[in-house]
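A short write-up of the structure that comes next.
Just so it is clear, none of the values below were taken in a lab; they were calculated from the coordinates. All of these numbers come straight from a predicted model, not from anything done at the bench. Here the Cβ positions follow ideal geometry from the backbone for every residue, glycine too, while neighbour counts run over all protein chains shown.
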Amino acid sequence: MFVAPNLSCFYVQRTFQCARKVPLPIGPCRTLCESVRSRCHPVLQGFGYPWPPALDCNRFPKENNHETMCMEGPGETLEPTAINEMYPAYPAAKIPFQPTTISNVFECPGHSKLYVKLHRTGRCAPLCEANILFGPNEKHVAELWTHTWTYASVVVAVLATICLLCSDNHSPKVQDRIQTVVLKPLMWSHTFVAIGWTVRFIAGRTATSCGFDPQLPNVSLLLVDGLSNGSCASTFILRYYFGMAACAW
């Protein structure tokens, strides 16, 4: 757990994490855990995360005594003066106050109806069917173009595989080494790229590029990261990594 947006939370959770993870003879006390939870739990809730079960304060000793030894922590609270000493303030620039500019900082760019604000990450996610950069006709033409080259790549990959397998028994030794070192890895790389495009064609655009966020389970969003969508992850791995391998060979 690393929570940095809140200074007081970061100050106490750093000591707590060191006492919990570093292999010392004693661990943290329950009071230190409760102090961290009281300051850091609101920060985690703001990002949509619960308090980790591994950090349950009831698991730690209640107090430090001769029977159960534990680390109580510094027992200090960061006051505003302490914060100012750690992070001295610099003279603020004289910028005219503009309420309209400040109010639009947290708004999604462009057409707000095409985006959804995710408060957990502070990111504006585009809707799955939103026409932001391209219209429906352009998307349809791109789909036809992609499908045509998908068919062509699959046919070429299959023919190359058959030809290479059939020529293994009729080639001199020098050519066999060349095929083993160069042609076979190149062929298999392009074959897996073709498989990736085939998966994309069979599953469709929505199944391979859209998904759902835990905060908005009923809204389909355009995926930009993560592994929540298996079709998206598989097509990316097949096309990107094997495509890079083919370029390297």
Q.
Please compute the length gained on full extension between A207 and V182, using 0.36 nm multiplied by the number of residues separating them and subtracting their Cα-Cα distance.
A. 5.5 nm
**Q.** Gain upon complete extension [A130, I237; 0.36 nm per residue less C-alpha separation]
**A.** 36.0 nm
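Packing-wise, with mean Cβ within 10 Å as the measure, how do 235-248, 57-70 rank, highest first? Mind showing how you got there, number by number?
Working: 235-248: 15.2, 57-70: 13.0.
Descending mean neighbour count gives 235-248, 57-70.
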**Q.** Ratio of Rg to Rh over segment 136-248 (Cα coordinates, Kirkwood Rh, two decimals)
**A.** 1.12
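With a Förster radius of 22 Å, plug the Cβ-Cβ distance of A142 and W249 into 1/(1 + (r/R0)^6) and report the FRET value to the nearest 0.05. Please list the in-between numbers first.
Numbers: r = 28 Å, r/R0 = 1.28.
Efficiency computed from Cβ-Cβ geometry: 0.20.
Neighbouring Cβ atoms within 10 Å as the yardstick, rank C210, C40 fewest first.
Numbers: C210 19, C40 22.
Ordered from fewest to most neighbouring Cβ atoms within 10 Å, C210, C40 come out as C210, C40.
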